[in-house]
Amino acid sequence: MSRAYGWTETNDATIDEEAEVIRMMATTLLDGGSLRGLVDHLETEGISTVSGKAWKPITIKRALTNPRMIGKKQSGDKLVATTIPPILQPRTYKRLCELLLDPERAKYTGDRTQVALLGGGLARCGGCGRPMYAASTVGRPTVYACSTRSSDCPSIVSVQAELLEADVIERVLARLSSPKYRKALTKSINELGSREEGENLVAELNARFTALGEDFADGLIDRETMRAGTTRVRANIAATELKMAQREVLIDLPEPSAEDIVKWWEDADKRRRRDVVSIVVDHLTVKPTDRRGRDGLDPHRVDYVWKTQ
Ligand SMILES: [Zn+2]
């Protein structure tokens, strides 16, 4: 009998190592990674399906959108509870379904080959503070542009993607080549303890999150207390997960020598590059400009907020 990746054959327990792979796949895709990039990554890591075959975009898509991920099954047009232990949070699962079952995305054979280095809200419009997204028009260079309707933003900032990315790459690599910064980054990550301790902490925080909802449902706390509590727990989870992601990337990075870092960057795939940028840069804001024309990027137009000072 075949089993589902992530669970034992009897479906009454998860297999930790596989559950972890599933969560990694979910995070990668929700962070803007492509199915194709994920397939390559799994292959490099020697991670195969239950039957020992290589993962394919379609098998990943099917696995991640299966309601068993949240311990449920499809019954008619409803999802009903089962005894299968969940692997993903309901919110994560919902976002994955929206992403992977999006008909717009299916048009591109279920894959998004263009991974914007500064996607996911990393770049913000200096006019309104909202995220800028990569946009391309046939025959013109790709730009990062304010995602807001023109009536809601005074400036609708737009900047040539290549110029902005070059500035970001230069600054990120300079930071990673600095022994002082690397020391600070390593210190901040070591506060977390081992990988297992980090995972335990996230599990504990998730349990606290659930408990807050239950206390509210049982009338033990009021809505405001629950909201304040869940906001704090969520922030703690995000901070812990960030440190865990930082450590994963750090393990892979060469010693802080500019030459080695640049070489590492050149060999890294798009997904890896994005990971690195997103652990170093909290966000950046591109200010409007009155200058017209195509003179390079004025470095004073970009304000950086770094994740570790
Ligand atoms: Zn704007």
Quick P(r) readout (the chain; Cα-Cα; 20 Å bins; whole %) gives 26, 57, 16, 0
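For each pair in Lys73/Lys94; Lys94/Lys243; Lys56/Lys243; Lys187/Lys243; Lys61/Lys307; Lys72/Lys243, compute the distance between the two Cα atoms and list the pairs where it is over 21 Å. Can you show the working numbers first?
Numbers: Lys73/Lys94 14 Å; Lys94/Lys243 25 Å; Lys56/Lys243 29 Å; Lys187/Lys243 11 Å; Lys61/Lys307 32 Å; Lys72/Lys243 31 Å.
In this structure, Lys94/Lys243; Lys56/Lys243; Lys61/Lys307; Lys72/Lys243 lie more than 21 Å apart at Cα.
Could you list the square roots of 5 times each eigenvalue of the Cα gyration tensor of the stretch 29-80, that is, the equivalent ellipsoid semi-axes, sorted largest first and rounded to whole Å?
On the way: eigenvalues 125, 37, 14 Å².
Values for the stretch 29-80, descending: 25, 14, 8 Å.
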Taking a straight Cα-to-Cα line shorter than 18 Å from Lys180, and setting aside same-chain aspartates and glutamates fewer than 8 residues away, one finds Glu170, Glu191, Glu255, Glu259, Asp260
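Taking 8 Å as the Cα distance limit and 6 or more residues as the minimum spacing, I'd like the relative contact order of the chain as a percentage. Provide the component values of the computation, followed by the final result.
Numbers: 373 pairs, mean separation 46.8, N = 309.
Reported relative contact order: 15 percent.
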Taking the stretch 179-255, the whole-percent share of alpha-carbon pairs separated by over 14 angstrom is 66
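When Lys and Arg each count +1 and Asp and Glu each count -1, what net charge do the other residues less than 15 Å away from Ala81, Cβ to Cβ, add up to? Each step should come with its number before you reach the end.
Working: positive: Arg68, Lys72, Lys73, Lys78; negative: Asp12.
Result for the local shell: +3.
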Shape call for the stretch 1-102, from the Cα gyration tensor axes a ≥ b ≥ c (a/c under 1.5 means rounded, otherwise prolate when a/b beats b/c, else oblate), comes out oblate
Applying a 4.7 angstrom Cβ cut-off across the chain, unpaired cysteine residues come out as Cys97
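Per the 1.4 Å probe, what fraction of the accessible area of the chain, in percent, lies on carbon and sulfur atoms?
Working: 9120 of 18270 Å².
Using a 1.4 Å probe with all protein chains present, the chain comes out at 50 percent carbon and sulfur.
Under a 1.4 Å probe, what is the accessible area of the chain per residue, stated in Å²? Write out the running numbers ahead of the final one.
On the way: 18270 Å² over 309 residues.
About 59 Å² of surface per residue is accessible.
Can you give the helix-only mean residue ellipticity at 222 nm for the chain, where every DSSP H stretch with n ≥ 4 adds -39500 (n - 2.57) and the sum goes over all residues, rounded to the nearest 500 deg cm²/dmol?
Values: 11 runs with 151 residues, N = 309.
Calculated mean residue ellipticity at 222 nm is -15500 deg cm²/dmol.
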Low-density loop trypsin sites (Lys or Arg not before Pro), the stretch 224-302, at most 11 other Cβ within 10 Å, DSSP non-H/G/I/E/B, are Arg291, Arg292, Arg294
Computed curve, the stretch 150-296, Cα-only Debye sum without solvent term, log₁₀ I(q)/I(0) at 0.12, 0.16 Å⁻¹, is -0.73, -0.96
Which of Ala123, Ala19, Ala217 fluctuates most in a GNM of the chain (C-alpha springs under 10 Å)? That residue is Ala217
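The values are calculated or read from the model by the stated rules, or taken from the named source; none is laboratory data. The model shown is predicted, which means the values in this text are computed figures rather than measured ones. Ideal geometry is used to build each Cβ from the backbone, glycine not excepted, and the neighbour counts take in all protein chains shown. Side chains are part of the model used for accessible areas, which takes the heavy atoms of the whole protein and leaves out ligands, DNA and RNA. Shrake-Rupley method; radii C 1.70, N 1.55, O 1.52, S 1.80 Å.
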